[in-house]
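Visitor: My questions will all concern the structure given below.
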Amino acid sequence: MDGRIRTRITVGWMLLWTLQMSLAVTGMPGVIHAHGVLIDSIPADGAVLEQAPQRLVLQFNARLEPSMTQVILVDTQDSAVPLELIPSSQSNYVVARIPPLPSGVYTVIYKILAADSHVTEGALQFTVRSH
Ligand SMILES: [Cu+2]
């Protein structure tokens, strides 16, 4: 193959790759192909609630691979319950159903796979103080 043609093809591939990367990074505002970091949650970490929450919402800074998401709720007796995940229309959110909870301190442990192919694990805690 003529060397000039080979060069043109290589340059073409490089341009295409650069374009794809820039689209991937800029295509989803606020959501980048970064390390999956929790940026917000409902309930918030450390929240004290008068009523038990019915849903858990975790917001990350990166697109997630939902099939790899795991969320567990641990109560004060250290009994762990995997939470049922609810599909979310936003790729950087995790939504889970919380079963009815008596008063107590609860720990949410989550494990996610972000678009950068890294797994992130973390935890947050909330207290239910219903009367
Ligand atoms: Cu990463």
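Quick note: the coordinates plus some simple rules give every number you see, no bench work behind them. Remember, predicted model here, so these are calculated numbers, not experimental data. So basically every Cβ, Gly included, is an ideal-geometry build from the backbone, and we count neighbours across all protein chains shown.
Visitor: For Thr76 and Gln51 in one chain, what is 0.36 nm times their gap in residues minus the Cα-Cα distance, to one decimal in nm?
Guide: Full extension from Thr76 to Gln51 adds 7.3 nm.
Visitor: Within the stretch 67-110, which chymotrypsin sites (Phe, Trp or Tyr not before Pro) sit in a loop by DSSP and count at most 10 neighbouring Cβ atoms inside 10 Å?
Guide: none
Visitor: Loop-only check: which trypsin sites (Lys or Arg not before Pro) in the stretch 41-131 are DSSP coil with at most 16 other Cβ within 10 angstrom?
Guide: Those that pass, being in a loop and sparsely packed, are Arg129.
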